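Notes follow the structure.
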Amino acid sequence: MRFAYPMQKFQDWLTQQWVILRGKKIKPEDFPWLMGPFGNLDAIGEDFIHQFAVKENLIIKKDSIAKGIIPSMQKLNLSETDFSNLSKNVIDFYENTANHHLDFSVKWNPFFKFFGILINKLFSNRINQLNIPTKNIADSESLKSEIINLIDAKTNEIKYTFWFRSIESSGQVIYSGVYGIYSLPSGKTCVKAVFPLPNGNATVLMNPSVGKNGELILDSSGEKFGDAGFYFLLKDSRGEYWSQFISSFRDKLIIGSENDLISAEQTLTLWNLKVLTFNYKIKLKKQRH
């Protein structure tokens, strides 16, 4: 039997041990579509980005020409019809995310709210990751949204794109994730988001489609390991890698545009029960002259 790295917070060790017991051992070279940055024990938020850049010998650029979490939406490999129907404002948002301002609100299912509070107290507040507000936010809060590219100094190639989001009024970090496009073993193209955690990460793989009104739909509703979905990954005390596919947890994002205002609804479900809903209002930042 394998064990998680022992010299860490007990709650981190326990959750990692659960992944080892319920998941499967993997070799990173066999699962390139799944692998992504692993967090440190002592830093996950913006501190981790700096440490990771030093470790990988990469240069941090916050003001690079590439300002989007997806460099080209054509890489989603949508059908010609779907891509032509996809909202041009939505395309611009993903390709130029840094040029947009985001407001958001949160509504919890009361049944799951206690679990959200518990997770925040045990994990999220400490590691500055997946730190979702546990109070319903009816009036929109403004998000500080930063695109941070890590660039190879020799080739000038972007190796990783972090999307760092925090609440403007409080500075509370909500998400610090690495975004990109990858192909699943089935050949399907998906949007991939990696959220570094101590000794591992949480990875969400989402299938793209286009709705009848030109909205982009990203859905993580997979059925088995290798499908789109939610995965935990970790490295154990011997340096071996493990992953668990959580089929019961699903994430669906619908983002569309009307009258130049982009709106998005993100719904998280567990066992087909709604856990919480985010609503976003997105608009272009005013250009400075």
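Each reported figure results from applying straightforward, stated rules to the coordinates on display, with no laboratory input. All figures in this text were calculated on a predicted structure; none of them were measured in a lab. No Cβ is skipped: glycine too gets one built from the backbone with ideal geometry, and neighbour counts run over all protein chains shown.
A few remarks follow.
- Candidate cross-link partners of residue 113 among the lysines, defined by an alpha-carbon separation under 28 Å and a same-chain spacing of 8 or more, comprise 9, 121, 135, 144, 192, 224, 252, 274, 281.
- For the stretch 10-284, the relative contact order comes to 22 percent (Cα pairs under 8 Å, sequence separation of at least 6).
- Pairwise label distance in nanometres, residue 281 with residue 265, each label 7 Å out on the Cα-Cβ vector: 1.7 nm
- Put a dot 7 Å past the Cα of residue 238, heading toward its Cβ, do the same for residue 65, and the two dots end up 4.8 nm apart.
- Nearest-ten-degree value, helix 46-55 long axis tilted from longest Cα axis of the chain: 70 degrees
- Distances between every pair of Cα atoms in the stretch 1-59, grouped in 10 Å steps from 0 to the bin holding the largest one, split as 19, 37, 39, 5 percent.
- Between residue 113 and residue 80, the FRET efficiency from the beta-carbon distance, with R0 = 45 Å, is close to 0.55.
- Among 103, 251, a tally of other beta-carbon atoms within 10 Å of each Cβ gives an order, fewest to most, of 103, 251.
- Remark: the residue 172-residue 41 segment gains 45.2 nm on full extension, using 0.36 nm per residue and subtracting the alpha carbon distance.
- Ascending count of other beta-carbon atoms within 10 Å, so fewest first, for 167, 65: 65, 167
- Potential lengthening between residue 51 and residue 137 on full extension [0.36 nm per residue; Cα-Cα distance subtracted]: 27.7 nm
- Percentage of interatomic Cα-Cα distances in the chain larger than 30 Å: 29 percent
- Shape category assigned to the stretch 53-110 from the gyration tensor of Cα positions, a/c cut at 1.5: oblate
- Estimated FRET transfer efficiency (residue 273, residue 22; beta-carbon r; R0 35 Å; 0.05): 0.95
- Per the Cα gyration tensor, the stretch 72-210 maps to an equivalent ellipsoid with semi-axes of 28, 19, 17 Å, ordered largest to smallest.
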